[in-house]
Amino acid sequence: MQSGAIPDQHISASSTSMLQSMLSMAGLVLRQVEGRGCPRQQVTREGHEHLEVYLGRLHVVTKVEVQGRFGNGQGREYTERYKLQYWRPGMEHWTTYTDGTGNQLLQGNSNTYLTQTSQLHPPIIAARVRFIPYSQHPRTVCMRVELYGCPYTEGLVSYSMRDGDVRYGEAQLRDLTYDGERRGAGEGVGLLLVGGLGQLTDGEMGHTNFRVDALGKGKGYEWVGWEDDGRRQPLEITFQFDSVRNFSALHVYTNNFFTKDTQVFSRARVLFSVGGLYYHVQTPVEVEPEVDRIFENARNVTLRLHHTPAKFVKLQLYFALRWLLISEVTFDSVPCRCNITEEEKPNATLSVMEGHVFESHSSVKPSDSDFPSGLLIGGLATLGVVFGVVPVVLFLIYYRSRISFHGSEKTLQPGVTSPKDRKVSMKMKDLHINLSLASVSNGYSRANGKLYGHVAVDDEAGSSLYQEPYKTRLASSHHSLGTSTEYTDTMVKRSSLPHDASQMVDYAVPDVNMTPPPPFSEIYKPHAPLPTPIDEPQDQATSTIHDASLYPFSPPIPPPPMQQYVTASEFDHISSIQGVTGTVLYGETEGTDANYERPVPEMSRHRLHSLEILGEGAFGVVRLCRIDDETSSSNNSSSGSRLVLMKQLEVGAKEITKKEFHREIQIMSRVDDPSVTRLIGTVTRSEPLCMLMEYMTCGDLHQFLRRHNCQDMDGGGYVGSERPLISYGGLIHIAVQVASGMRHLENLNLTHRDLAARNCLVDRCLNIKISDMAMSRPMYSQDYCQLGEDNVLLPIRWMSWESLLQGRFTSKSDVWSFGVTLWEILTMARHQPYTELSDDGVLENLSHCCPGGPSMTLLPQPHLCSREMYDLMTACWRPSDRQRPPFWQVLMFLQRKHLGYTLDYP
């Protein structure tokens with residue numbers, strides 16, 4: 001109103017005096033203007049007086065603001081509370097705004113000189129808005145009003161459906177903010193929602209766990225849920241738009257909390273109509289999303305609508321489990337300037353088209369006088385003769401033919417073969433048809449279940465463990481991940497899904513008509529030897545030349561599409577993740593308990609013996625030291641001692657540098673997990689300041705893997721016997737510990753920011769501890785890229801796109817890095833990620849993950865990697881961080897694939 005976008009003639013009121021005084025004030029900011037927006041009568045709880053604003057076209061109103069009569073400081077009238085009512089075309093009456101908890105009253109003013117702003121959650125879509133002052137006791141009030149919002153361009157004016165159900169004891173899964181009609185005999189079951197908008201279009205995405213109160217409005221407030229009534233009927237939602245539009249996509253944000261009987265719909269069917277009565281003209285769209293029984297996080301499922309014009313869209317969703325939960329439905333559409341007429345009534349009274357029945361609403365029941373009784377009796381008699389006599393005749397003919405056949409067979413002379421004797425005897429066991437899909441699902445033989453060493457790869461039929469999917473990507477050697485959604489409209493063949501979650505299959509049923517994938521040897525062929533040497537002891541140097549034959553080079557990654565490359569100068573906003581001694585500094589996210597510290601003992605400097613300088617930073621060095629026990633003597637240093645990692649600050653460092661060092665000590669003191677290196681002591685009473693971290697006897701995981709060979713895929717032996725051996729089960733054992741350590745950091749709201757194999761330490765028993773020292777080591781300088789004017793070091797080949805392009809580090813960005821680390825583990829660290837791409841190429845590739853950009857090229861599936869493990873990797877690399885699994889889910893999945901493993905190393 002202040003901007004003048006709403007002309008005076010679009011403002012009306014229930015009383016003339018209120019309208020005139022309102023127009024004289026000309027907006028909220030002109031508080032010096034004398035005038036009163038006051039109704040003639042006193043306001044009560046009945047709320048008869050109102051001020052109405054006509055917005056013209058539909059608008060999204062997100063905020064309203066009110067103030068009393070200022071009157072140059074002389075005014076005394078204001079309203080303490082008020083209601084909002086709104087209307088838009090298609091509504092039969094005015095609707096009172098509620099905030100989702102049933103509250104209709106908005107907070108008004110407490111004086112005349114301050115404005116009171118109310119955010120509308122959810123926002124309202126309206127063409128007219130009314131302000132209705134409210135008071136518990138009769139009083140004179142005055143109001144100035146202002147509205148904030150924008151024009152509504154989505155075109156959706158209403159949706160109609162069955163209201164959600166109540167999940168007793170857990171969540172209220174009804175559409176609480178629906179502003180249309182509620183038709184039905186009573187509250188709850190059977191209630192129909194007609195002609196309004198509600199929680200499916202309010203922009204609020206639901207939390208994965210619908211049993212938590214994420215917004216403070218009740219458990220499951222963001223979700224609308226329906227329970228399967230057992231009739232195998234789909235949930236049907238009809239959307240009406242303001243005009244005919246061209247639809248390209250439909251996005252359904254749905255829940256997949258399958259351990260609580262909730263899962264993504266098994267099938268979706270979209271029908272289109274112009275008139276809203278008949279949906280038989282346009283070709284419907286049918287989609288069967290892939291079944292995901294690994295990750296429970298909620299996700300967007302996108303249905304491609306192929307630019308179909310319509311004004312009404314009917315969405316039919318079929319239940320996969322007992323419950324179906326939807327939080328948001330959005331459309332990609334534009335107004336269609338096409339000449340399309342409304343559909344006509346089908347010709348037949350009862351037509352079956354596209355699997356749907358269209359029935360005529362008018363029917364005439366014939367009277368008894370109109371139907372001759374004699375004709376009825378004659379028809380029944382004829383049917384009796386046909387169905388009674390004809391079968392008897394057919395049986396007699398068959399019986400006579402059998403007798404004659406056996407008689408002729410007995411009269412054949414010896415040596416003459418009968419037709420029966422000339423038949424070919426064929427037994428099914430003689431047909432050696434191999435349809436063992438388990439042996440070709442990943443392009444290699446499972447070797448009788450020995451892929452994991454002592455780990456059972458294939459779960460028994462009917463078990464709840466995850467199954468290996470058959471579908472593989474064989475079209476190319478690289479994989480792309482879209483940016484708009486993680487779930488496409490690819491249709492897969494599935495078996496009928498049981499309602500019992502414990503019997504639910506995990507993946508699509510194989511299609512035996514598909515051409516099985518070729519053997520693994522035909523897909524991954526040996527390439528050139530490793531491009532870079534590795535740092536190893538001299539007694540193992542001769543074994544490095546065998547890498548090319550032992551571990552085939554992964555399929556080459558094609559460069560991203562030719563575009564303008566992202567340059568380092570565009571990353572000047574990135575802040576350093578490096579600590580004062582050169583190691584990575586753990587990041588703190590929202591919710592970190594900054595006051596929590598684990599007691600750390602002060603160490604005596606004379607107990608420390610420096611063995612080697614491992615790395616250095618701008619203000620200190622990282623040393624490998626031996627620390628003696630307090631009881632050990634100086635002349636017997638080999639007994640009662642252990643190796644530790646010492647971060648040492650240089651002498652004479654500035655106070656701000658010392659403060660940062662103490663801050664790092666405080667952060668590291670919170671870590672207390674067997675899979676993460678812990679702070680075991682400090683030296684802070686004199687310079688140089690030091691902190692002592694745990695260290696492992698076999699060094700970092702990257703070098704450890706390169707010094708080893710893995711069991712071959714056939715399970716029949718080991719390759720490269722000149723090197724130490726590690727089983728596939730041992731690799732998964734390593735991955736489980738890395739995930740466990742990252743879950744601990746996630747629980748502490750700490751981010752690692754440089755998770756990689758080089759930052760994991762290992763001992764002789766395959767125990768893993770996540771460390772932070774690799775950034776300071778010169779041997780790993782090629783794994784970091786210098787960006788910006790400050791030459792900030794960043795591990796871009798392990799980083800998520802939002803960390804690199806937005807400087808945003810969260811536990812979900814660490815999940816991305818974990819996916820790359822798992823890829824390193826299953827390639828035995830033989831190749832650097834994206835080794836075919838330059839640093840600029842990696843930056844450009846990551847920029848493709850930005851919303852609205854092209855697809856990103858993913859790392860290829862390692863030849864040691866099962867399809868399930870690669871599915872886990874790609875889930876970690878989803879463009880939307882909300883769609884990536886948290887570490888507790890990653891750990892749970894890996895532990896289930898780790899069942900039955902016993903340590904077989906060394």
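The values are calculated or read from the model by the stated rules, or taken from the named source; none is laboratory data. Note that the structure is a prediction, hence the values are computed from the model and not measured. Positions of Cβ are generated from backbone atoms using ideal geometry, with glycine treated the same way; all protein chains shown enter the neighbour counts.
Among the residues of region 149-179 satisfying the criterion of being touching a Ser or Thr at 6+ places or on another chain (Cβ under 6 Å) and among the small types (Gly, Ala, Ser), which is surrounded by the most Cβ atoms within 10 Å (Cβ to Cβ)?
Ser160
Every residue, every condition in (1) part of a helix (DSSP H, G or I); (2) in contact with a Ser or Thr (Cβ under 6 Å, 6 or more places away or on another chain); (3) in the same structural domain as Leu705 (by TED's automatic domain parsing), yes or no:
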{"residue": "Ser803", "(1), (2), (3)": "yes, yes, yes"}
{"residue": "Trp816", "(1), (2), (3)": "yes, yes, yes"}
{"residue": "Leu843", "(1), (2), (3)": "yes, no, yes"}
{"residue": "Gln861", "(1), (2), (3)": "no, no, yes"}
{"residue": "Cys865", "(1), (2), (3)": "no, no, yes"}
{"residue": "Asp871", "(1), (2), (3)": "yes, no, yes"}
{"residue": "Arg878", "(1), (2), (3)": "no, no, yes"}
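So which residues in region 685-711 are of a type outside the set (Lys, Arg), farther than 16 Å from Leu731 by Cα and surrounded by fewer than 19 Cβ atoms within 10 Å (Cβ to Cβ)?
If the condition is that a residue be of a type outside the set (Lys, Arg), farther than 16 Å from Leu731 by Cα and surrounded by fewer than 19 Cβ atoms within 10 Å (Cβ to Cβ), then Ser686, Glu687, Pro688, Glu694, Thr697, Gly699 are the ones that fit.
Quick test of your reading of the structure: Tyr178 fulfils all but one of (1) outside any strand (DSSP E or B); (2) more than 33 Å from the chain's Cα centre (by Cα); (3) under 20 Å from Phe241 (Cα atoms). Name the failing condition by number.
Of everything listed in (1) outside any strand (DSSP E or B); (2) more than 33 Å from the chain's Cα centre (by Cα); (3) under 20 Å from Phe241 (Cα atoms), Tyr178 misses just condition (2).
Would you please name the residue that is modelled with the highest pLDDT, looking only at residues in region 67-92 that are out of contact with any Phe, Trp or Tyr (no Cβ under 8 Å at 6 or more places or on another chain), surrounded by 18 or more Cβ atoms within 10 Å (Cβ to Cβ) and more than 16 Å from Val141 (Cα to Cα)?
Ranking the qualifying residues of region 67-92, first place goes to Arg88.
If Gln895 satisfies every condition in (1) part of a helix (DSSP H, G or I); (2) under 13 Å from Asp814 (Cα atoms) but one, which is the exception?
Answer for Gln895: the failing condition is (2).
Name every residue in region 271-316 that is part of a loop (DSSP other than H, G, I, E, B), of a type outside the set (Asp, Glu) and within 22 Å of the chain's Cα centre (by Cα), in order of residue number.
Listed by number, the residues that qualify are Pro289, Val291, Arg293, Ile294, Phe295, Asn297, Ala298.
Within region 787-800, is there a residue that is under 17 Å from the mean Cα position of the chain (by Cα) and either aliphatic (A, V, I, L, M) or closer than 17 Å to Gly587 by Cβ (or both)?
Yes, that holds for at least one residue.
All but one of (1) modelled with pLDDT of 95 or more; (2) buried (at least 24 other Cβ atoms within 10 Å of the Cβ) hold for Arg743, so report the exception by its number.
For Arg743, the exception is condition (2).
Name every residue in region 641-694 that is in contact (Cβ under 8 Å) with a residue 12 or more places away in the chain, farther than 19 Å from Glu597 by Cα and part of a helix (DSSP H, G or I), in order of residue number.
Matches in region 641-694: Thr657 only.
Might you let me know whether region 115-133 holds any residue that is assigned by TED's automatic domain parsing to the domain that holds Val60, more than 33 Å from the chain's Cα centre (by Cα) and free of Cβ contacts under 8 Å to residues at least 60 places away in the same chain?
There is at least one residue in region 115-133 that is assigned by TED's automatic domain parsing to the domain that holds Val60, more than 33 Å from the chain's Cα centre (by Cα) and free of Cβ contacts under 8 Å to residues at least 60 places away in the same chain.
Can you work out which of the residues in region 270-307 that are in contact (Cβ under 8 Å) with a residue 60 or more places away in the chain and of a type in the set (D, E, K, R) is surrounded by the most Cβ atoms within 10 Å (Cβ to Cβ)?
Going through the qualifying residues, I end up with Arg299.
So Cys338 clears everything in (1) hydrophobic (A, V, I, L, M, F, W, C); (2) surrounded by fewer than 22 Cβ atoms within 10 Å (Cβ to Cβ); (3) assigned to a loop (DSSP other than H, G, I, E, B); (4) modelled with pLDDT of 90 or more except one condition, right? Which one?
If we test Cys338 against (1) hydrophobic (A, V, I, L, M, F, W, C); (2) surrounded by fewer than 22 Cβ atoms within 10 Å (Cβ to Cβ); (3) assigned to a loop (DSSP other than H, G, I, E, B); (4) modelled with pLDDT of 90 or more, just (4) comes out false.
Need the failing condition index for His662 against (1) at pLDDT 95 or above; (2) surrounded by fewer than 17 Cβ atoms within 10 Å (Cβ to Cβ), just the number.
So the condition that His662 fails would be (1).
Can you name every residue in region 747-760 that is surrounded by fewer than 23 Cβ atoms within 10 Å (Cβ to Cβ) and at negative phi?
The answer is Asn747, Leu748, Leu750.
Provide a single number: the residues in region 19-57 that are touching a Cys at 6+ places or on another chain (Cβ under 7 Å) and either loosely packed, with under 14 Cβ neighbours inside 10 Å or at pLDDT below 55 (or both).
Final tally of qualifying residues: 2.
Out of the residues in region 847-859 that are of a type in the set (A, V, I, L, M, F, W, C) and not in a loop (DSSP other than H, G, I, E, B), which is modelled with the highest pLDDT?
The qualifying residue modelled with the highest pLDDT is Leu858.
Somewhere in region 179-198, is a residue touching a Gly at 6+ places or on another chain (Cβ under 7 Å) and under 26 Å from Ser880 (Cα atoms)?
Scanning region 179-198 turns up no residue that is touching a Gly at 6+ places or on another chain (Cβ under 7 Å) and under 26 Å from Ser880 (Cα atoms).
Going by what's in this entry, would Gly216 be described as in the same structural domain as Gly184 (by TED's automatic domain parsing), on the phi < 0 side of the Ramachandran plot and either in contact with a Pro (Cβ under 7 Å, 6 or more places away or on another chain) or not charged (D, E, K, R) (or both)?
no
Restricting to region 290-346, count the residues that are closer than 23 Å to Gly220 by Cα and of a type outside the set (Val, Ile, Thr).
21
Could you tell me whether any residue of region 707-728 is over 26 Å from Leu608 (Cα atoms), of a type in the set (A, V, I, L, M) and assigned to a strand (DSSP E or B)?
Looking through region 707-728, at least one residue is over 26 Å from Leu608 (Cα atoms), of a type in the set (A, V, I, L, M) and assigned to a strand (DSSP E or B).
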